[in-house]
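Encoded as structure tokens, the structure appears first; notes follow it.
The values are calculated or read from the model by the stated rules, or taken from the named source; none is laboratory data. Worth saying up front: this structure is predicted, and the values here are computed from it rather than measured. Here the Cβ positions follow ideal geometry from the backbone for every residue, glycine too, while neighbour counts run over all protein chains shown.
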Amino acid sequence: MTSQKTILRALAGETLPTPPIWMMRQAGRYLPEYRATRAEAGDFLKLCYNPDLAAEVTLQPIRRYGFDAAILFADILLVPQALGADLWFVTGEGPRLSTITTQAELDKLVPADAIHDHLSPVYETVKILSKELPSETTLIGFAGAPWTVATYMVAGRGTPDQGPAHALKAENRAVFDSLMDRITEATIHYMSKQIEAGAEVVKIFDSWAGSLQGADFMDYSIKPMARITAALKDKHPNVPVIAFPRGAGERYTGAHAAIGADCIAVDDGVSAEWAAETLQTGGCVQGNLKSSHMVTGGDELVSETRRIVQAFSKGPHIFNLGHGITPDADPENVQLMIDTVRNG
Ligand code: CP3
């Protein structure tokens, strides 16, 4: 049976005359209506845990632009918090967490299947969205990949080179591997619940995959994402999985098969032409306009958007940015990108 939803058709391997489109971080600070709802919630985490308001900000970019998919409003760092880490956000700087670097700290975390009470507001958000979204819009659930989540849990913050996580991996591999294991298991539980609540597609974000060198790339990015994908497919064989090993470069090659994912999201570090030729034979590819075009706009936005649509036109493609839209983006440039994708 062919679904009418364009995102699901592309994920099933169909080449469509116009690629479906959504945008990473499409609910966010570049939108005045997001900033208003966030102010009403009090802060970012309160917004994540308020199902009515989280559903509202998920719907805002759908109302404004009619994207083909909505992505659940939440954050990858809710999983560490559900596992027992402290989490807070410093305005203008980003996330802070209590750190996990020893066996004793790891022992204090809750078991991987004991996260659901904490995360139940997120499942509630998914339920509200599956009722409220327009019938043609696909609902995407998500989680961080184990490596990316581990980089924040070990360092207690975002880091330019993921140095603390690389150091723990080198100095205490047993603790690092147990932490990876705990996150992997928790992520399987979390994404399964999102699917049971109504998520139609799930995406795994490995935002820091690019810093894994040599065998580590396979062991700590690809394999954990493959384990999560296999476990989800076991329970929910019809729910497509999008994997995003950001910064993989030439190592994107063969990623569909290695992960078992229906779609590989690519960043703008690889050309659309290369990604089309190398990756689209394996399945759907998502990407990959540079997010800075949402700030600068103009003719370059239009010509780059056309080039990417053209490059991917012979296979299954979901149009997206190479990474999340930034707070300084102009909402009118988003409209220009959508019009260019849909009208040529
Ligand atoms: O619209 C959407 O894409 C859905 C919601 C979503 C958010 N974060 C909301 C958010 C999603 C899918 C994420 C994923 C996420 N979160 C990732 C992976 C994707 C990527 O960008 O690489 C990562 C690494 C995080 C962790 C995180 N959350 C950081 C480092 C920060 C601070 C940086 C920043 O942009 O402020 C956040 C905060 C965050 N997550 C915001 C939003 C809308 C901004 C918070 C605010 O309103 O102040």
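Numbers at a glance
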{"quantity": "Identity of the residue in region 198-218, within 12 Å of the ligand (Cβ to nearest atom) and either free of Cβ contacts under 8 Å to residues at least 12 places away in the same chain or among the aliphatic types (A, V, I, L, M) (or both), that ends up farthest from Leu119 (Cα to Cα)", "calculated": "Ala209"}
{"quantity": "Count - residues of region 308-340 that are closer than 13 Å to Asn288 by Cβ and of a type in the set (A, V, I, L, M)", "calculated": "6"}
{"quantity": "Given (1) β-branched (Val, Ile, Thr); (2) in a loop (DSSP other than H, G, I, E, B); (3) crowded, with 20+ Cβ neighbours inside 10 Å, number of the condition Thr15 does not satisfy", "calculated": "(3)"}
{"quantity": "Top-ranked residue in region 78-92 [being within 14 Å of the ligand (Cβ to nearest atom) and without any contact (Cβ under 8 Å) to a residue 24 or more places away in the chain; ranked as farthest from Tyr30 (Cα to Cα)]", "calculated": "Val90"}
{"quantity": "Single residue of Glu105, Glu136, Glu124 found to be more than 10 Å from the ligand (Cβ to nearest atom) and without any contact (Cβ under 8 Å) to a residue 12 or more places away in the chain", "calculated": "Glu105"}
{"quantity": "Filtered residues of region 108-121 (kept if within 21 Å of the chain's Cα centre (by Cα) and in contact (Cβ under 8 Å) with a residue 24 or more places away in the chain)", "calculated": "Ala112, Ile115, His116, His118, Leu119, Pro121"}
{"quantity": "Ala27 surrounded by 20 or more Cβ atoms within 10 Å (Cβ to Cβ), in contact (Cβ under 8 Å) with a residue 40 or more places away in the chain, near the ligand (Cβ under 9 Å from one of its atoms) and over 15 Å from Ile338 (Cβ atoms)", "calculated": "yes"}
{"quantity": "One residue from Leu212, Leu232 being surrounded by 23 or more Cβ atoms within 10 Å (Cβ to Cβ) and modelled with pLDDT of 95 or more", "calculated": "Leu212"}
{"quantity": "Strands (runs of 3 or more DSSP E) contained in region 177-284 and holding at least 3 residues not aliphatic (A, V, I, L, M)", "calculated": "201-206"}
{"quantity": "Members of region 120-173 that are outside any helix (DSSP H, G or I) and of a type in the set (Asp, Glu)", "calculated": "Glu136, Asp161"}
{"quantity": "Given (1) in contact (Cβ under 8 Å) with a residue 40 or more places away in the chain; (2) among the acidic types (Asp, Glu); (3) in contact with a helix residue (DSSP H, G or I) (Cβ under 8 Å, 6 or more places away or on another chain); (4) over 24 Å from Met180 (Cα atoms), number of the condition Glu273 does not satisfy", "calculated": "(1)"}
{"quantity": "Number of positions in region 141-197 that are of a type in the set (Phe, Trp, Tyr) and either free of Cβ contacts under 8 Å to residues at least 12 places away in the same chain or more than 16 Å from the ligand (Cβ to nearest atom) (or both)", "calculated": "1"}
{"quantity": "In region 303-326, residue farthest from Ala265 (Cα to Cα) [restricted to those that are within 16 Å of the ligand (Cβ to nearest atom) and in contact with a helix residue (DSSP H, G or I) (Cβ under 9 Å, 6 or more places away or on another chain)]", "calculated": "Thr326"}
{"quantity": "Residue within region 55-63 that is more than 8 Å from the ligand (Cβ to nearest atom), over 17 Å from the mean Cα position of the chain (by Cα), of a type in the set (Val, Ile, Thr) and crowded, with 20+ Cβ neighbours inside 10 Å present", "calculated": "yes"}
{"quantity": "Criterion (of a type in the set (D, E, K, R), away from the ligand (no atom under 12 Å from the Cβ) and within 18 Å of the chain's Cα centre (by Cα)) met by exactly one of Asp68, Asp75", "calculated": "Asp68"}
{"quantity": "Members of region 37-54 found to be under 16 Å from Ile325 (Cβ atoms) and more than 9 Å from the ligand (Cβ to nearest atom), listed by number", "calculated": "none"}
